[in-house]
Amino acid sequence: MTPRTFPSRRAPAYREVPDEKWNDWRWQMSNRLNSAEDFEKVLVLTESERKALNTHDLFRVDITPYYVSLIDPDDPNDPIRRQVLPRAEEIVPFTGMMEDSLAEDRHSPVPGLVHRYPDRVLMLVTTQCASYCRYCTRSRIVGDPSATFSRSEFELQIEYLKRTPQVRDVLLSGGDPLALAPKILEELLARLREIPHIEIVRIGSRIPVFMPQRVTDELCGMLQKYHPLWLNIHVNHPNEITAELAEATDKLTRAGIPLGNQSVLLAGVNDCIHIQRQLVQELVRIRVRPYYLYQCDLVDGAGHFRTPIAKGIEIMEGLRGHTSGFAIPQYIIDAPGGGGKIPVGPNYLMSMSDHKIVLRNYEGYITTYEEPQAYTPHDPKTCRYCQNKRMEPGQTGLTGLLDGEKMVIKPEGFDELHNRGGGAHRLRDNLEKWKPLGIGAGGEET
Ligand SMILES: *Cc1c(COP(=O)(O)O)cnc(C)c1O
């Protein structure tokens, strides 16, 4: 039962603000809330929040009036509140915590440019955001007002990109690239477009969620001059999907910008299959395709947001098969220490031998697939694509799990199952084991 239209909210404290101001992103930016005194005007602070807000050296707090209005002021555990209002738990260190958990600084050939994957780079273009997420993976640098866009660093980044032809994809992040002054953002895009080997530019931005007013016709008109341009937004909870966000994503998609969503799995915010299913279904309604669901990084101040990995796998299990395939993100652990993004999820391939594989579906239905007796692969010697290869053999990294073509580890009961011959059958007791909490076969709620 999803609503036909999306809500639009304004906290009572802003009732008198004229619409021209409310709908002006500059007004939203300059009227952000950041002190206990500010917040008391729209909600009742908890002891824990007040303590955190009065702590010296806390990661920067700033929330737009638009975004703070989405909070239910009577709910101390409101999922939007938890994302942006600090709590005392932030001050508590935890085992495994790291300052630069993704080792981004170590993978930076020039300041602000992270080159970890062969064909694409991450470019940190600003430290500023419209509001600050309490679990920010870059809280070590983000928020510092003295360290915003640096022209000399930008020139070094452009120089590096010019002399590095294997980079075909540049991901602009920060901070929030859409928080840059419009002129600087345009100059940045224009300079990147001058480099012939850069095929696509992507922007990672939470501005459409924190301040959809920023997505003006003028901004979209500017962005669409620099196609192919992709944009990933960051929605974590269905309560963030409003009439204003829907209007912003409509404008962006009409400007020809494909939209994706990256969310973070957060304890007490969205660690629930029912919330996640509603989220991804509402995202596709506003033409945003779920891209990644990230496991929370081991970042200072974010310990209380972490969930067990099993929670993420359970959520993925509850999505695949139960809803539209294109509404399903990939669950990713960004490996601590700079290992990069690693997809994890439920296992559907139960076993593999030289002639047969055993699979199970989302309902626990088990089936086998007979491998071909003879396989004539394409000929790399005559293949034009293999001649121009960008990927070296061995760069695919498929080792460890498979030994040659045989699976090293056989699950319990494999031989018995396998020797029963072909066809498919359903194992009722396995169905019990595999179904995620609250979701039965066929997707019905139990
Ligand atoms: C996430 C990330 C990218 C982009 O990864 P995709 O899987 O292509 O979205 C590139 N560089 C760095 C350093 C990243 O962290």
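Read-outs throughout are calculated quantities, based only on the coordinates presented, and are distinct from any laboratory measurement. Predicted model only: the values in this text are computed from it and were never measured. Using ideal geometry, Cβ is built from the backbone for each residue, glycine included, and neighbour counts are taken over all protein chains shown.
Could you identify which residue out of Asn270, Asn232, Asn347 has the top mean-square fluctuation in a GNM of the chain using Cα springs shorter than 10 Å?
Result for the chain, Cα springs under 10 Å: Asn347 fluctuates most.
Using amide H atoms built in the peptide plane, which far-off residues or other-chain residues are under 5 Å from Val125 H to H?
Close amide H contacts, sequence-distant or interchain: Ser173, Gly174.
List the aspartates and glutamates whose alpha-carbon lies under 16 Å from that of Lys356, not counting same-chain residues fewer than 8 positions away?
The qualifying aspartates and glutamates are Glu370, Glu371, Asp403, Glu405, Asp415, Glu416.
Taking the Cα atoms of region 170-329 alone, what are Rg (to one decimal) and Dmax (as a whole number) in Å?
Just the Cα atoms of region 170-329 yield Rg and Dmax of 16.4, 46 Å.
Relative to the longest principal axis of the chain, what angle (0 to 90°, nearest 10) does the C-alpha long axis of helix 243-254 take?
60 degrees
Please turn the phi angles of region 300-306 into ³J(HN,Hα) values with the Karplus equation 6.51 cos²θ - 1.76 cosθ + 1.60 (θ = phi - 60°), one per residue in order, whole Hz, x for glycine and proline.
3, x, 10, x, 6, 8, 6
Under 5 Å between amide hydrogens, which residues at least 5 positions from Arg202 or on another chain qualify, with H placed 1.01 Å from N in the peptide plane?
Hits under the 5 Å cutoff: Val170, Leu171, Leu172, Trp230.
Give me the percent of DSSP beta bridges within the chain that run antiparallel, rounded to the nearest 5.
Details: 23 of 50 bridges.
If I count the DSSP bridges inside the chain, around 45 percent turn out antiparallel.
Return one quarter of the surface area of the convex hull spanned by the alpha-carbon atoms of region 276-331, equal to its mean projected area, in nm².
4.2 nm²
Taking only Cα atoms and a 10 Å spring cutoff, compute GNM fluctuations for the chain and point out the largest among Pro93, Pro329, Pro380.
Pro380
Please list, ordered by chain and number, the residues whose modelled amide H lies under 5 Å from the amide H of Val235; skip anything fewer than 5 residues away on the same chain.
Residues meeting the amide H criterion: Gln262.
Ranking Tyr14, Tyr135 by Cβ neighbours within 10 Å, fewest first, what do you get? Working shown, then result.
On the way: Tyr14 17, Tyr135 24.
Sorted ascending by nearby Cβ count, the order is Tyr14, Tyr135.
Quick check on region 61-163: take the gyration tensor over C-alpha atoms, sort the square-rooted eigenvalues as a ≥ b ≥ c, and tell me if it's rounded (a/c under 1.5), prolate or oblate.
prolate
Could you tell me how many degrees, from 0 to 90 and to the nearest 10, lie between the Cα long axis of helix 273-285 and the main elongation axis, the longest principal axis, of the Cα atoms of the chain?
Tilt relative to the chain: about 80 degrees.
Convert each backbone phi in region 194-206 into a coupling constant with the Karplus relation 6.51 cos²θ - 1.76 cosθ + 1.60 (shift: θ = phi - 60°), then list the ³J(HN,Hα) values in order as whole Hz, x for Gly and Pro.
Result, rounded to whole Hz: 6, 8, x, 7, 7, 7, 10, 10, 10, 10, x, 9, 9.
Please report, in cubic angstrom per residue, the volume enclosed by the convex hull of the alpha-carbon atoms of region 293-362. List each step's numbers first, then the result.
Numbers: hull volume 8.4 nm³, N = 70.
For region 293-362, the hull spanned by Cα atoms encloses 120 Å³ per residue.
Pick from Ala327, Ala13, Ala103: which is most flexible by mean-square fluctuation in a GNM of the chain where alpha carbon atoms under 10 Å apart are linked?
The residue with the greatest mean-square fluctuation here is Ala13.
On C-alpha positions alone, give me the angle between the axis of helix 151-162 and the longest principal axis of the chain, in degrees, nearest 10.
Relative to the chain, helix 151-162 is tipped by roughly 20 degrees.
Looking at the square roots a ≥ b ≥ c of the eigenvalues of the Cα gyration tensor of region 12-91, which shape do they give, rounded for a/c under 1.5, prolate if a/b is larger than b/c, or oblate? List each step's numbers first, then the result.
Values: a/c = 2.26, a/b = 1.66, b/c = 1.36.
Judged from the Cα gyration tensor, region 12-91 comes out prolate (a/c at least 1.5, a/b above b/c).
Distance check, please: which entries in Lys162/Lys381; Lys21/Lys41; Lys183/Lys251; Lys311/Lys341 exceed 27 angstrom between their Cα atoms? Write down the numbers at each step before the final one.
Working: Lys162/Lys381 32 Å; Lys21/Lys41 19 Å; Lys183/Lys251 20 Å; Lys311/Lys341 18 Å.
Correct reply: Lys162/Lys381.
For the chain, restrict the atom set to alpha-carbon positions and state the Rg and Dmax in Å.
Values for the chain (Cα only, Rg and Dmax): 24.1, 75 Å.
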